[in-house]
Number of protein chains: 2
Amino acid sequence: MTPATQFNIDGLINSLAGIEIIQERSQLVKLSQDYHSFSPILVSQLAGKVGDIAVRPINQTEVLKVAAACARYKIPVTVRGAGTGNYGQCVPRHGGVILDMTAMQNICWVKLGVARVEAGVKLAALDKKARSIGWEMRMTPSTYRTATIGGFVAGGSGGIGSIQYGLMGDRGNLLALQVVTLEEEPRVIELRGDDVQKVNHAWGINGIITEVEIPLGAAYPWAELIVTFDKFMMGARFGQALASSDGIIKKEISIFADPIGQYFTALREYIPEGKQAVFLMIAESSLELLPGLIKQFDGEITYQKAAQDAEKGLRLAEYTWNHTTLHARTADSSITYLQSIFPADNLQTIEHMYHHFGDEVMMHLEFIRARGAVGALYNRRTSQRDYALSRRTWGIYCKSSQL
Amino acid sequence: MTPATQFNIDGLINSLAGIEIIQERSQLVKLSQDYHSFSPILVSQLAGKVGDIAVRPINQTEVLKVAAACARYKIPVTVRGAGTGNYGQCVPRHGGVILDMTAMQNICWVKLGVARVEAGVKLAALDKKARSIGWEMRMTPSTYRTATIGGFVAGGSGGIGSIQYGLMGDRGNLLALQVVTLEEEPRVIELRGDDVQKVNHAWGINGIITEVEIPLGAAYPWAELIVTFDKFMMGARFGQALASSDGIIKKEISIFADPIGQYFTALREYIPEGKQAVFLMIAESSLELLPGLIKQFDGEITYQKAAQDAEKGLRLAEYTWNHTTLHARTADSSITYLQSIFPADNLQTIEHMYHHFGDEVMMHLEFIRARGAVGALYNRRTSQRDYALSRRTWGIYCKSSQL
C-alpha cells in the first residue's frame, strides 16, 4: 500500500518534463535506503520512511529545474549518491523527493594533482582516470567501487589513504564545491578554499552538490599484505610503529582482533584461527623495510600481492573500514559497531578496553593521520550493547565500532 | 712548507697506477676542508689538518685498489664528497689519504619510486633525472646543487622535504648501500633494509660508500612563497599550523626571525625591516588553501613564484637550513649557530627562548616530520656565545642555530 502524500507530486512532475522520474514503489523503497541497517537504533527510528518520488537529473540544468520546482511546491528533498553511508543520511525522513545524483557522471577534467568531476562520478572511475596519468584519489572509503564523489564529500569522512593525507575535512583535501541552492530561483554557488567547509560533510542538507574539485595524490604501486600476530596488542603496536615510520609510504593499516578475520571467508586461509590480522597497503619501494619491523613485533606475513596483481581480483581494501562490518554482518546480522576517537596515549587506552570488554567486543583499528600526527581510529564490535567511548585530543584519533 | 709525513706515500702511489692522484699542496688544502668554518670551536681544533695525498677513483674497481693499498700501508683514509658538511667530517685529522668520490657519477638506474646511483652523483643531477619521469629526491640539503648523494648519506641527515618524509635515518628513506671495506683484501658489501643503518650517517668511518639505492618521492609542482609577519611567534604558530595541515602538500617551512631576512641580499625587497619571514615550498594544488591560513595569523604574502618559474633563477631553498648561516656569515663572519632539538610543546619553549635571549640570538626554525608527527627543528644564531639547549622527546624535534 502506498501511503497518501501531503505533497503536490503531480504539480512537481508537470514541472520536470524531460527529466527521469521514478515512481515505481519497489524502486522508491530501495532509493530510500542506505546502510543504516548496521545500526539497531537507526533501523527502528527510520523504519518505513520512503520518498514519494525519485528524480535522476543528468546535468546541472536539470538539477536547477528540480530545485526550483521543489522550492515552489515546498517538497522536501533528500539528495543521494550510491547510498553507501551508514548513518541514514539518504533516508527521506519526511518523504518527498529523492534526488538521485548518480546519472551525473561527467569527469570534467583531470590534470596534474587535481580533478574536477560531477557529483555522481564513482570513486573507482575517477581513481582509474587519475591513475592513467600517475595520480590517484588521496583517500577512498571501502565502498569506492560503488560510492559517488558527491556522496563521499557529503556523507563520508576519510578512509583508505587517510594514514597519508588525513580526513576529507582537513584543510587542503577538497578544493571546491559547486552547489545548487533550494530556492524558487536556485543559484549556482562555487565554494572554494576554506569555504568548502560550509557544505563539506553536511549530508546535502544545505545545498545540492553538483560538482567537486578535488586534489589528487601521487599514485604509488601499492602492494597488499596480511600480517598475523598472536597477541592483539603486538599487532596494534606494530601498526603504530609502521604508521610512525615517515620513510615508509603507506595507504592503509587495519588491525583486526581475533575472531574478526574469520568473517573474511575468502581470506580465511591466510588468517589462522586465534590470530590477529593486520591488513596493509604499502608502496612497493617501501616493502623491503617491512620484514624487519614485523619481526620486532613477532608478526608473520601470510599474504602478499604485488601492486600489478592487486589491481585484479580480491582487494584487501574491501575488508577494511566499514566493509569489515559488512563482512561480519553477512555471517551474523546481530552484529553492530560503534566508532570512537581516543586520546593520544591511545595504545594504553586501547589495551585497557581490549581487556575490559574481553569476548564481548572485537577490536578493529584504522590508523589515520590527524593534525600532523598519526594514530588509530578504532572500531569496537559487539552484539550485546553500545558503548560510547569517544574522546578526542591533540592529533590522535581512534575510532571504534562494535560488533 | 709541506710537513713531513709518517706514511709510505710513495709505496701507495706505486700501487695506484692509472688512478687519478692529487699532490699539489693548494688542492690538498682545499680537499681537506669542509664548512666546519661555521664553528669557532672546530676551526681551532681542526686548524692545519691536511691530507698527504688525494685520490679520485672513477669506479668501484679503483676504490678496491685504493682501499687495499691504504690497508696494506696502514694509511688513514678520509672519504669525502663535495665537502659541504659543517662538522669537520671531511677533515683528515691524521693526514693520509683523502678519498675524493666526486668522479663516481654514474646514475645506475631510476625507476618508479627508486634510484640507484654511485656515491659521487650530485643531488641536483639525480633530482633532475628523477623528475624527468615524475619523481624526485624525497629530501635534499640546501647544498643540493653541489653535494653528493654519498656525502649526504654519510654526513647529512635531512633537509628540504623532511617536513613530508622525515629524516634520512628514518626507516624507509634509504634502501641499500654498497660499501667497500678497508682491508688488505677489501670486500664489497651490499647492506639492504635495516642494515643500511650500520653505515648511514657514520661519516664514512666504517666503510667506503660506493653506491646508494634510495627511494624517491612523487614530484609535485612546487610553488615558492615568502610570507611575512609582524611578530615572530605568529610566524612560528603559522608554521606549526601549516605543518599540521595534512591535506596541504608541502616541501619546506622555514621561519626566520628578524633580522635574519636582512642577510638575504637578493630577497631584501620582499622582507621589510622588522618583519619575520617564512619561506615555503607548497604543491601548486594546495596553494588555494594558503591565504585563509595566513590570514588567521596576520601574515602577508610578499613573494610568490609558480613552480614552472621556480625552476629558474633564484630558489628559496638555497636560503634555508644551513644556507641561512652561509648567507648570514657572508655579511658577518663572526656569526655562528647551534642546532637544538626541542620537546613536543616546542612553541611554548621556543617562545620562552625567543624572549629570554632577545637580540643576542636570532631564531631560525625548520619544520620536519619525525616519528609520525610534525614539529620544528630550530636554529638559534648568535655572535656571542654557544648555548646547548638540546633535548628530544616523542615525535618533535627542534633544531637551533645561533648567529
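At-a-glance table
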quantity	calculated
Cut-off 13 Å between beta-carbons: net charge of the residues surrounding A:ALA82, Lys and Arg +1, Asp and Glu -1	+3
Positive-end residue of A:LEU280, A:GLY261, A:ILE248, charge dipole of segment A:246-292 with Cβ unit charges	A:GLY261
Chain B, closest residue to the rotation axis toward A, by beta-carbon, whole angstrom	B:ALA218, 1
Exam field: B:PRO221 pseudo-label spacings to other copies (7 Å along Cα-Cβ), nanometres	2.7
Counted charge near A:MET233, where neighbours are those whose Cβ lies closer than 13 Å (Asp, Glu -1; Lys, Arg +1)	-2
Counted charge near B:ARG56, where neighbours are those whose Cβ lies closer than 14 Å (Asp, Glu -1; Lys, Arg +1)	-2
Anisotropy class of segment A:53-99 from Cα gyration tensor, a/c 1.5 cut	oblate
Rounded if a/c under 1.5, otherwise prolate or oblate - chain B, Cα gyration tensor axes	prolate
A versus B: buried accessible surface, summed, Å² (probe 1.4 Å, to nearest 100)	3100 Å²
Nearest-first distances (nm) between copies at B:ALA47, label 7 Å from Cα via Cβ	9.2
Mean separation of Cα contacts under 8 Å (6+ apart) over length of segment A:247-338, as relative contact order %	30 percent
Mean residue ellipticity (222 nm) of chain A, computed from DSSP H runs ≥ 4 via -39,500 (n - 2.57), nearest 500	-7000 deg cm²/dmol
Among B:TYR337, B:TYR319, B:TYR270, residue whose mean-square fluctuation peaks in a GNM of chain B (springs only between Cα atoms under 10 Å)	B:TYR270
Of B:LYS128/B:LYS251; B:LYS251/B:LYS305; A:LYS251/A:LYS295; A:LYS129/B:LYS250; A:LYS305/B:LYS129, pairs whose Cα-Cα distance is over 19 Å	A:LYS251/A:LYS295; A:LYS129/B:LYS250; A:LYS305/B:LYS129
Probe 1.4 Å, protein heavy atoms only - accessible area per residue of segment B:1-96 in square angstrom	50 Å²
Debye, to nearest 20: dipole size of segment A:127-245, +1 on Lys, Arg Cβ, -1 on Asp, Glu Cβ	540 debye
Share of carbon and sulfur in the accessible heavy-atom surface of segment A:42-157 [1.4 Å probe, %]	53 percent
Farthest toward positive dipole pole in segment A:157-270 [+1 Lys/Arg, -1 Asp/Glu at C-beta], among A:VAL188, A:MET234, A:ALA219	A:MET234
Across the identical copies, how the B:ARG72 labels are spaced - nm, sorted shortest first, 7 Å along Cα→Cβ	9.9
Charge dipole magnitude, Cβ of K and R +1, D and E -1 - the protein assembly as shown, Cα centre, debye nearest 20	80 debye
Stretch gain in nm, segment A:HIS355-A:ALA306, where the contour uses 0.36 nm per residue and the Cα spacing is subtracted	14.0 nm
Dipole magnitude of chain B about its Cα centre (Cβ charges: Lys, Arg +1; Asp, Glu -1), debye to nearest 20	360 debye
Convex hull volume per residue in cubic angstrom - Cα atoms of segment B:165-264	160 Å³
Sulfur and carbon atoms: percent of accessible area, segment A:292-366 [1.4 Å]	48 percent
Complex-versus-alone comparison for segment B:223-247, residues with a loss of 50 Å² or more in accessible area, probe 1.4 Å	B:ASP246, B:GLY247
Percent of beta bridges antiparallel (DSSP, the protein assembly as shown, rounded to nearest 5)	90 percent
Rounded percent of accessible protein surface that carbon and sulfur make up, segment A:223-287, 1.4 Å probe	46 percent
Cα gyration tensor, segment A:271-333 - rounded (a/c under 1.5), prolate or oblate	oblate
Dipole of segment B:92-200, positive direction: furthest Cα of B:VAL114, B:ALA147, B:GLN164, with charges on the beta-carbon	B:GLN164
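The values are calculated or read from the model by the stated rules, or taken from the named source; none is laboratory data. All values derive from a computational prediction rather than experimental measurement. Cβ atoms come from the backbone with ideal geometry, glycine included; neighbour counts cover every protein chain shown. Each accessible area value is taken on the protein alone, full model and side chains, heavy atoms only, with ligands, DNA and RNA left out. Shrake-Rupley method; radii C 1.70, N 1.55, O 1.52, S 1.80 Å.
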